[in-house]
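All remarks here apply to the structure that follows.
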Amino acid sequence: MATETDVVVVGGGSTGAGVARDLAMRGLAVALVEKGTLTSGTTGRMHGLLHSGARYAVADRESARDCIRENWVLRDIASHCVEETGGLFVKRPEDAEEYFQAKLEGCRACDIPAEVLSGDEARRIEPYLAADVEKAIRVPDAAVDPFRLVVANALDAEDHGARIETHAEVVDVLTDGDRVTGVEVRHGEGPGRTDAAAGTTEEIRADHVVNATGAWAGQLAAMAGVDVAVRPSKGAMVVTNCRQVDTVVNRCAPKGDADIVVPHETTAILGTTDVEVDDPEDYPEKRWEVDLVIDELAALVPVLREARTLRSYWGVRPLYEPPGTGTEDSTDVTRDFFLLDHADRDGVAGLTTVVGGKFCTYRLMAEAVSDHVAGRLGVAAACRTADEPLPGSEDPGKLDDAMDAYGLRSPVAKRSRQRLGSRAGDVLATDDPNPVVCECEAVTRAELRDAIDGAGADLNAVRIRTRASMGNCQGGICCHRMAAELHPDFEAPTAYDALDDLYAERWKGQRHALWGEQLSQAMLTHALHATTMNRDRDPARTGAAVDWAAYDGGQRADR
């Protein structure tokens, strides 16, 4: 099977989806291929912070300026993906006054709004801050939902004619002499929407290929015979069961592990660490990293010592620096992004790689890549992604109408409108019963059905669109309900496979958080699924005769 397009974008994270949207809006034919689901790489494993730039205002002011500019842009074009929490950089007694002043000066030099607060003023904003926090700098940090944002970019790309192909792994880069001419992909067997049958391969011929695979960029580049020395660096993050803070809390100190708490939806995300790894998919996940994150951040927010930990996860940063730079410590590697034109760099035309950077600047990175590719292909159309809102953000004023509409209780309606933005009316306006399927995250049947229409039978893709199964029970109470919503569009074996995949993914993040109440929750989930649906595959399901005489008859209900 072979197809043709103008540009192939490899990688379904924030940068890849952003490039696909930008190029499609310029009128180019685009195919995005991703070996997993959208956001299944680094993007889906970040801490949910929309940087103000203050974090980089001392050591990397260029990155800081990029962050604050893109911060304002994303608030405009993706309002339904951003929660304007604000941020605090807090100073403890042992933290250097010189660094605090350098942070304040750097923010002002980079046009980042910054206000100094006393410790008491900071605690009036966040009562759980430690009693010995001396002062803080207030900055316009925010929380962002990376899943919704990437999906919105992919939807907009599709609306402009792009093809978005998930579960499609690149197995070879096609070349003709010293020119890249496309990619060969193998379509996976996992559930989800694809344009080709599982197990088949497809050659996608293109005038240009964009390598937006992040930490995997070196592996894809090697298929084309070029070297891209990415330095993957893992970071551990911990999710608590509720929001101990409503403002992003950062420690105002030089580089270090575990220095940020981000309120995110109904939870708080604690992060992070910075350890270089050899393979972005195969690295150790250690309990000590989880303990370190909690212990260090409890110095800022002591109540975290008592918090219930829902899960932990690790993300891998796609760090890069030009050959010969020689930085030893990964924490010193620039967070700026690099556009590698392999025609100029390696004599291989038709291939561009983008590496480094931050989630906050994904749109800026995509614009730079798209400008470059459009120039190579002789397309003069300008970038419009900073001005045109993403699907769901077109008319935020209409969102308030969803509060009392569609027969929902107002807390549910509020969560629905936050997730759906201006699409709330179209999605929730149904004459059919619309019960809440996921109580923890207040996700209704209508939202799930809408997500299934976009993601197919891949329940993990449905999860990232809706947050269903991401609350306190981690899917124990709702993941089988989600699978039931696949009927009648999908057959029973497909639904069972999708349930298995979702259940396994939810378990993966709990393995390092099994103590206290969360251990009890995990055991309850196992017991419920084992006894009510036989998901532990008890041999009693095999048809062997049951020795009913071995069971006690029990007390009769009428006695």
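Tabulated data for the structure shown
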| read-out | value |
| --- | --- |
| Selection from segment 486-526 of residues that are open to solvent by 70 Å² or more (accessible area, probe 1.4 Å) and polar (S, T, N, Q) | S520 |
| Selection status of T331, in a helix (DSSP H, G or I) and in contact with a His (Cβ under 9 Å, 6 or more places away or on another chain) | no |
| Pairs with Cβ under 7 Å, 6+ apart, first in segment 270-298 and open to solvent by less than 60 Å² (accessible area, probe 1.4 Å), second among the acidic types (D, E) and at pLDDT below 95 | T273/D257; T273/E289; D274/D257; L292/D257 |
| Members of segment 66-84 that are surrounded by fewer than 22 Cβ atoms within 10 Å (Cβ to Cβ) and touching a strand residue (DSSP E or B) at 6+ places or on another chain (Cβ under 8 Å) | R75, V82, E83, E84 |
| Qualifying positions in segment 220-234 - open to solvent by 10 Å² or more (accessible area, probe 1.4 Å) and part of a helix (DSSP H, G or I) | L220, A222, M223 |
| Test result for L304, within 30 Å of V209 (Cβ to Cβ) and in contact (Cβ under 8 Å) with a residue 40 or more places away in the chain | no |
| Pick from segment 28-65, criterion in a helix (DSSP H, G or I) and within 30 Å of A455 (Cα to Cα), ranking: most open to solvent (accessible area, probe 1.4 Å) | R45 |
| Residues being assigned to a loop (DSSP other than H, G, I, E, B) and over 26 Å from G41 (Cα atoms) - total across segment 487-528 | 6 |
| Among the candidates T213, T175, residue that is among the hydroxyl-bearing types (S, T, Y), at pLDDT 95 or above and over 29 Å from T466 (Cα atoms) | T175 |
| Count of segment 136-167 residues which are surrounded by fewer than 23 Cβ atoms within 10 Å (Cβ to Cβ) and on the phi > 0 side of the Ramachandran plot | 1 |
| One residue from A196, A217 being open to solvent by 10 Å² or more (accessible area, probe 1.4 Å), within 22 Å of V30 (Cβ to Cβ) and outside any strand (DSSP E or B) | A196 |
| Residue that is farther than 23 Å from G357 by Cβ, among the aliphatic types (A, V, I, L, M) and touching a residue at least 12 places away in the same chain (Cβ under 8 Å), where the choices are V210, V245 | V245 |
| Options S312, S393; residue that is open to solvent by less than 10 Å² (accessible area, probe 1.4 Å) and out of contact with any strand residue (DSSP E or B) (no Cβ under 8 Å at 6 or more places or on another chain) | S393 |
| Verdict on P318 being surrounded by fewer than 18 Cβ atoms within 10 Å (Cβ to Cβ) and modelled with pLDDT under 95 | no |
| Unique residue being at pLDDT below 90, out of contact with any Ser or Thr (no Cβ under 9 Å at 6 or more places or on another chain), among the hydrophobic types (A, V, I, L, M, F, W, C) and within 26 Å of I77 (Cα to Cα) when the list is A424, A455, A429 | A429 |
| Failed condition for E94, given (1) open to solvent by less than 50 Å² (accessible area, probe 1.4 Å); (2) part of a loop (DSSP other than H, G, I, E, B); (3) acidic (D, E) | (1) |
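Condition check ((1) without any contact (Cβ under 8 Å) to a residue 60 or more places away in the chain; (2) assigned to a strand (DSSP E or B); (3) surrounded by 19 or more Cβ atoms within 10 Å (Cβ to Cβ)) across all residues:
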position: R335; (1), (2), (3): no, no, yes
position: L339; (1), (2), (3): yes, yes, no
position: V355; (1), (2), (3): no, yes, yes
position: C360; (1), (2), (3): no, no, yes
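The values are calculated or read from the model by the stated rules, or taken from the named source; none is laboratory data. Keep in mind that what you see is a predicted model, and the values were worked out from it rather than measured. Counting neighbours? That spans all protein chains shown, and the Cβs are built from the backbone with ideal geometry, glycine included. We work out accessible area using only protein heavy atoms, side chains counted, and drop any ligands, DNA or RNA first. Shrake-Rupley method; radii C 1.70, N 1.55, O 1.52, S 1.80 Å.
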